[in-house]
Amino acid sequence: MALVTTKGMFAKAINSDYAIGAFNVNNMEIIQGIVDAAVAENAPLILQVSAGARKYAKPVYLLKLVEAAIEDTGLDIALHLDHGEDFEICKKCVDDGFTSVMIDGSRFPLKENIELTKRVVDYAHSKGVVVEAELGRLAGVEDNVSVDERSATFTDPEEAAEFVEKTGVDSLAIAIGTSHGAFKFKGEPYLDFERLEKIQELIPNTPLVLHGASSVLPEFVERCNKYGGNIPGAQGVPEEMLRKATKYSICKINIDTDLRLAMTAEIRRHLLENPSDFDPRKYLGPARDAIKAMVQHKIKNVLNASGQR
Ligand code: G3H
Ligand code: 13P
Ligand code: ZN
């Protein structure tokens with residue numbers, strides 16, 4: 001049981017028909033719900049921390065909570081920086097003990113993205129830490145990175161091959177139609193599997209990463225709305241598309257929004273049905289259970305990762 005890099009996990013997953021869930025964490029209940037699910041499913045696990053999460057919880061709290069989760073469960077966990085926007089935040093996380101960092105240079109032209117990623121790779125590798133980069137742009141809002149939906153462009157397979165060769169990056173996040181948040185598609189959901197196939201052909205040994213992979217399950221949006229929420233028009237990536245993606249060299253699938261919806265739906269329900277409760281444990285406990293149930297569902301029915309630890 002330890003903090004581990006994603007190297008071993010990805011080596012196992014790349015030619016298999018499952019993917020590893022990378023779940024965003026912001027507090028104790030979220031971490032506990034996720035790790036309990038990974039234990040129950042005996043699944044490999046990546047916990048990821050965004051710049052926003054670091055600001056919300058303070059870096060040291062999240063690091064210590066993840067260390068506590070390892071001690072408590074005996075799991076091997078990869079601790080990953082999600083959407084690092086510059087060299088400095090990546091360096092900080094490497095120095096803090098993260099085992100994996102993402103440098104997100106996707107807003108830059110290819111040459112700058114390569115230069116920035118290479119700089120992070122050189123530093124991280126010198127400390128035994130692995131690096132994820134991103135090529136192509138996802139529509140929607142990322143941590144500190146706003147991308148106009150219209151300027152969103154899918155990943156070019158040839159550029160992906162050049163990028164991996166020149167940077168030596170360990171894994172690559174690609175844009176094939178997913179986006180962050182609860183409003184992913186205005187019309188019919190669509191993922192560009194042909195493009196994914198071409199990318200895989202050109203860089204067969206590079207683990208690929210799918211960001212923006214929440215499914216925004218109607219049941220949870222409806223539950224939020226039923227208990228006083230207002231989230232109209234939410235739509236995610238259909239689960240069967242994600243199951244299909246696991247059969248390619250997609251090794252890591254990022255999920256945050258579905259955890260937020262599960263937690264919020266449960267807290268809303270609890271408070272509305274129990275108006276005299278004011279002990280936070282009364283609603284955060286069930287919220288933690290809701291996170292666990294959602295993550296177990298993802299591991300079992302979407303990622304196909306049960307028993308792959
Ligand atoms: O990709 C973004 C993740 O969902 C993290 O979101 O930046 O609000 O923490 P956040
Ligand atoms: P979702 O908003 O679809 O959950 O995506 C999360 C993500 O990509 C984190 O990096
Ligand atoms: Zn993301």
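State the answer as a single residue: which of Ala13, Gly128, Leu75 lies farthest towards the positive end of the charge dipole of the chain, with beta carbon charges of +1 for Lys and Arg and -1 for Asp and Glu, about the Cα centre. Farthest towards the positive pole: Leu75. With K and R counted +1 and D and E -1, the other residues having a Cβ less than 9 Å from that of Asn301 yield a net charge of +2.
From the Cα gyration tensor of the stretch 1-91, with a ≥ b ≥ c the square roots of its eigenvalues, which class applies: rounded if a/c is under 1.5, or else prolate if a/b is larger than b/c, or else oblate? Oblate. Counting every other Cβ atom within 10 Å of each residue's Cβ, Met28, Met102, Met1, Met294 order from fewest to most as Met1, Met28, Met294, Met102. Put simply, the amide H of Glu134, placed in the peptide plane, has neighbours under 5 Å in Gly105, Ser106, Ala173, leaving out anything fewer than 5 places away on its chain. Shown for the stretch 142-281 is the translational diffusion coefficient from the Stokes-Einstein equation, using the Kirkwood radius over Cα pairs, a temperature of 20 °C and a viscosity of 1.002 mPa s: 127 µm²/s. Cross-link pairs exceeding 32 Å in C-alpha to C-alpha distance, out of Lys58/Lys127; Lys226/Lys300; Lys91/Lys300; Lys118/Lys300; Lys111/Lys252, comprise Lys91/Lys300; Lys118/Lys300.
Let me make sure I get this right: for the stretch 181-246, a, b and c are the square roots of the gyration tensor eigenvalues over alpha carbons, sorted descending. Under 1.5 in a/c it's rounded, otherwise prolate if a/b > b/c, else oblate. Which is it? It is prolate, given that a/c is not under 1.5 and a/b is the larger ratio.
Of all beta bridges that DSSP places with both ends in the chain, some 10 percent have antiparallel geometry. By the count of neighbouring beta-carbon atoms within 10 Å, fewest first, Val302, Val66 end up ordered Val66, Val302.
The residue among Leu271, Gly84, Val35 whose Cα reaches farthest toward the positive pole of the charge dipole of the chain, with charges on the beta-carbon of Lys, Arg, Asp and Glu, is Leu271. Dividing the helix sum by the residues of the chain, where each DSSP H run of 4 or more adds -39500 (n - 2.57), gives a mean residue ellipticity at 222 nm of -14000 deg cm²/dmol. Note on the stretch 243-309: Rg/Rh from C-alpha atoms, Kirkwood Rh, equals 1.13.
Listed by chain and number, the aspartates and glutamates whose alpha-carbon sits under 15 Å from that of Lys166, ignoring those within fewer than 8 places in the same chain, are Glu112, Glu115, Asp122, Glu132, Glu134, Glu158. Computed from the C-alpha gyration tensor, the three semi-axes of the ellipsoid equivalent to the stretch 29-73 are 20, 11, 8 Å, from longest to shortest. Sequentially through the stretch 234-248, phi angles give Karplus couplings (6.51, -1.76, 1.60; θ = phi - 60°) of 6, 8, x, 7, x, 4, 5, 5, 5, 4, 5, 4, 5, 7, 8 Hz, Gly and Pro residues having no value and appearing as x.
Were the residues from Ser126 through Lys92 laid out at 0.36 nm apart, the gain over their Cα-Cα distance would be 10.8 nm.
When Asp86, Asp277, Asp156 are arranged by Cβ crowding within 10 Å, least crowded first, meaning fewest neighbours, the order is Asp277, Asp86, Asp156.
Overall, the chain carries a charge dipole of about 500 debye about its Cα centre when +1 sits on the Cβ of Lys and Arg and -1 on the Cβ of Asp and Glu, all other atoms neutral. Size check on the chain: the Cα extents along the three principal axes, sorted descending, read 60, 44, 34 Å.
Read-outs throughout are calculated quantities, based only on the coordinates presented, and are distinct from any laboratory measurement. Note that the structure is predicted; figures quoted are calculated from it, not measured. We place every Cβ from the backbone using ideal geometry, glycine too, and count neighbours over all the protein chains shown.
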